[in-house]
1. Look at the range 87-108 and say how many of its residues are part of a helix (DSSP H, G or I) and either of a type outside the set (Asp, Glu) or free of Cβ contacts under 8 Å to residues at least 60 places away in the same chain (or both).
2. Name the residue, out of Ser555, Ser574, that is among the polar types (S, T, N, Q), under 17 Å from Val589 (Cα atoms) and either surrounded by fewer than 18 Cβ atoms within 10 Å (Cβ to Cβ) or in contact with a helix residue (DSSP H, G or I) (Cβ under 9 Å, 6 or more places away or on another chain) (or both).
3. Just wondering, is there one or more residues in the range 347-354 that are out of contact with any strand residue (DSSP E or B) (no Cβ under 8 Å at 6 or more places or on another chain), at pLDDT below 95 and among the aromatic types (Phe, Trp, Tyr)?
4. Looking at the structure I just gave you, is Lys129 under 22 Å from Gly308 (Cβ atoms), among the basic types (Lys, Arg) and touching a residue at least 12 places away in the same chain (Cβ under 8 Å)?
5. Residues in the range 464-472: is at least one closer than 16 Å to Ile503 by Cβ, part of a loop (DSSP other than H, G, I, E, B) and in contact (Cβ under 8 Å) with a residue 40 or more places away in the chain?
6. Pairs, please: C-beta under 7 Å, at least 6 apart or cross-chain, first residue on the phi > 0 side of the Ramachandran plot and in the range 489-516, second of a type in the set (Gly, Ala, Ser) and surrounded by fewer than 24 Cβ atoms within 10 Å (Cβ to Cβ)?
7. Could you check Thr420 against (1) out of contact with any Phe, Trp or Tyr (no Cβ under 8 Å at 6 or more places or on another chain); (2) more than 21 Å from Leu485 (Cβ to Cβ); (3) not in a helix (DSSP H, G or I) and say which number it fails?
Amino acid sequence: MTDIKDKAQCTGCNACGDICPANAITFAADAEGFLYPQADPSLCTGCGQCNSICPVLNGCALASENHKEPKCYTGEHRSIEVVFSSTSGGMFSALADAMYNEGGYVGGAVHNEDFSVSQYISNDRSDLKALRRSKDLQSNAEGFYKDVKTILDSGEKALVCGLPCQIAGLLNFLGKKYENLITVDLICGGVNSPKVWRRYLDYIEEINGSKIVWTENKSKEYGWRNLTQKFVFENGSEYFDTVKTSPFIKGFIGSYLYCRPSCYDCKFKGFPRIADITIGDFWGIEKYAGKQDSDMGTSVVLINNEKGSEYFERVRRRINCEEAKLDWAVDGNPSLNKSVPASSADRSGFFADLDTMRFDELISKYADDGAKKKSRFRTALGRLRYVARVTRMFPAPLFKTFRYSGIGNILNGRGIVCGTGCRLNIDRSAKLEFEGFLTLGRKNMFKHSKEESKLFIGKNAKLTIGGDFAVDAGNDIEIFDNAELIIRGGKNGYSDANTGLTIICGQKIEIMADAGIGRNVTIRDTNGTSHYINTTGYRPSRPVVIGERAWLCESCTVMQGVKIGTGAIVGACSLVTKSVPDHAMVSGVPAEVVQNDVLWKM
């Protein structure tokens with residue numbers, strides 16, 4: 001009969017639960033939300049099968065036959081849509097597609113309706129959307145191994161992907177080799193508490209005022225390295241939590257505060273690996289690949305035995321891959337060999353406060369970001385260096401920068417930073433609000449360019465900068481009397497405008513966070529306050545909104561009264577005279593929708 005006295009010695013793989021012939025073992029969540037086996041003495045027959053197949057107690061004999069030095073490859077799916085929809089390079093999708101094409105089954109982790117995670121297997125290709133992407137938390141595998149065995153015993157093929165401990169549990173449960181089974185283990189950096197995950201989701205719903213209907217890990221819209229959790233809500237809105245903003249990531253990767261106790265002393269690290277094939281993120285590949293890094297994600301693929309090699313050959317036509325050194329993978333993925341470090345925080349205190357404190361406040365109280373925090377002095381020094389780089393220490397731009405910003409604001413990362421060739425005309429009655437740097441006249445590529453950058457702010461006009469926003473040289477920004485320009489700047493990614501930006505603001509223009517603006521773009525909300533046309537309903541000025549993560553391509557013009565939707569793309573040289581839906585691509589004169597449901601990476 002299974003009897004867990006040390007929780008660090010149980011991975012929750014559920015092999016013992018599925019093997020029990022008397023159904024005496026069930027799994028229940030502890031105070032931290034992790035599943036542990038519980039045996040009913042009245043049903044237990046004392047057969048001992050539960051202990052005999054436990055991978056923590058007995059290891060995995062089949063894994064010992066795998067290569068101690070597996071072949072290593074980089075992997076990237078040839079379909080950009082698949083890469084966008086995957087955690088890294090889309091390797092799991094390629095492996096799964098090959099199995100579906102052979103009429104087989106594919107198993108892995110899926111979100112349930114409440115966004116908890118369970119193991120699931122089917123031969124329905126439409127399930128791939130739910131199976132792809134890592135979930136980063138403990139999944140429930142009750143009944144999963146029985147389902148896999150039934151499929152294999154019937155002669156059907158199957159590909160099963162899971163954590164190393166889960167694959168070890170599956171192999172021990174099966175008790176023999178199956179030639180019709182391909183196993184894939186993930187490079188695991190620890191699994192998190194389902195209870196903590198649920199509290200995080202509650203927090204996200206609270207701050208957004210709507211119920212989550214969809215979430216995906218490592219959304220590519222802010223790039224692979226930003227580790228973005230994307231949320232879609234019942235009210236149609238979206239929210240992105242990146243490595244810069246996410247309290248969940250801070251508590252997980254920053255301090256490993258709520259990983260399962262067994263993850264701090266994992267028995268399934270090192271080589272040989274457990275499965276036929278190992279996949280994960282190829283962190284650090286940009287140092288070795290010798291090619292431009294797209295920040296879209298690259299998979300690492302380890303081929304651990306001959307069966308894995310044969311299957312990989314059937315998959316290669318779907319991917320771009322190159323053989324790589326195993327040392328490269330180990331260097332970028334310490335989790336191949338090492339357990340996650342135990343947090344020094346008060347774990348019992350954290351879980352005691354979990355039900356009562358707001359999630360972001362809870363993380364701030366207990367989590368340590370794991371890195372040496374910069375002192376205020378070093379942060380302020382970095383900002384001064386930035387000012388020096390932009391102004392090139394020329395007297396005129398330095399004077400203007402400190403005149404309109406002040407030394408205190410500069411040290412706190414707020415104000416106007418002027419490049420060479422800046423002309424500013426700001427009325428004394430104008431109101432300026434800064435929560436970041438507005439950099440004007442940036443000259444990254446042509447430092448000696450004589451292009452001017454102009455900023456005019458009229459009487460009682462208002463300029464609000466909500467985050468860092470940089471504009472290359474050659475811009476013309478005019479805010480007329482009593483008008484308002486709001487630039488939200490970079491929130492999760494970056495926000496800037498290329499050379500030639502023109503903004504003519506006669507009433508109100510709002511550029512939301514993380515918008516990208518190409519060369520020679522014009523945004524105007526007015527035809528000029530004194531120009532009138534004898535057309536019914538005509539107004540010389542109407543507000544303009546550029547949505548969050550919108551992309552305005554080269555030489556496009558956005559006219560008055562237009563709202564550019566979230567994540568929308570305006571094609572080069574387009575004239576936008578009517579509003580653009582979320583995630584639509586428009587092009588032409590006048591601009592029309594040419595594609596819907598478009599995603600793009602910043």
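The values are calculated or read from the model by the stated rules, or taken from the named source; none is laboratory data. Since the structure is predicted, the reported quantities are computational estimates derived from the model, not experimental observations. Glycine also receives a Cβ, built like all others from the backbone with ideal geometry; neighbour counts cover every protein chain displayed.
1. Step one: of the range 87-108, the residues part of a helix (DSSP H, G or I) are 91-101.
Among the residues that remain, those that are also either of a type outside the set (Asp, Glu) or free of Cβ contacts under 8 Å to residues at least 60 places away in the same chain (or both) are: 91-96, 98-101.
Result for the range 87-108: 10.
2. Working: Ser574 fails: either surrounded by fewer than 18 Cβ atoms within 10 Å (Cβ to Cβ) or in contact with a helix residue (DSSP H, G or I) (Cβ under 9 Å, 6 or more places away or on another chain) (or both).
So the residue among Ser555, Ser574 that is among the polar types (S, T, N, Q), under 17 Å from Val589 (Cα atoms) and either surrounded by fewer than 18 Cβ atoms within 10 Å (Cβ to Cβ) or in contact with a helix residue (DSSP H, G or I) (Cβ under 9 Å, 6 or more places away or on another chain) (or both) is Ser555.
3. no
4. On the way: under 22 Å from Gly308 (Cβ atoms): no; among the basic types (Lys, Arg): yes; touching a residue at least 12 places away in the same chain (Cβ under 8 Å): yes.
No, not satisfied.
5. Keep residues of the range 464-472 that are closer than 16 Å to Ile503 by Cβ, which gives 464-466, 469-472.
Filter once more, keeping what is part of a loop (DSSP other than H, G, I, E, B): 466.
Cutting the leftovers down to in contact (Cβ under 8 Å) with a residue 40 or more places away in the chain gives us 466.
Yes: the range 464-472 contains one or more residues that are closer than 16 Å to Ile503 by Cβ, part of a loop (DSSP other than H, G, I, E, B) and in contact (Cβ under 8 Å) with a residue 40 or more places away in the chain.
6. Listed pairs, sorted by first residue: Gly489/Gly436; Gly489/Gly466; Gly489/Gly467; Gly489/Ala513; Gly500/Gly474; Asp514/Gly490; Asp514/Gly493.
7. Among (1) out of contact with any Phe, Trp or Tyr (no Cβ under 8 Å at 6 or more places or on another chain); (2) more than 21 Å from Leu485 (Cβ to Cβ); (3) not in a helix (DSSP H, G or I), the lone unmet condition for Thr420 is (1).
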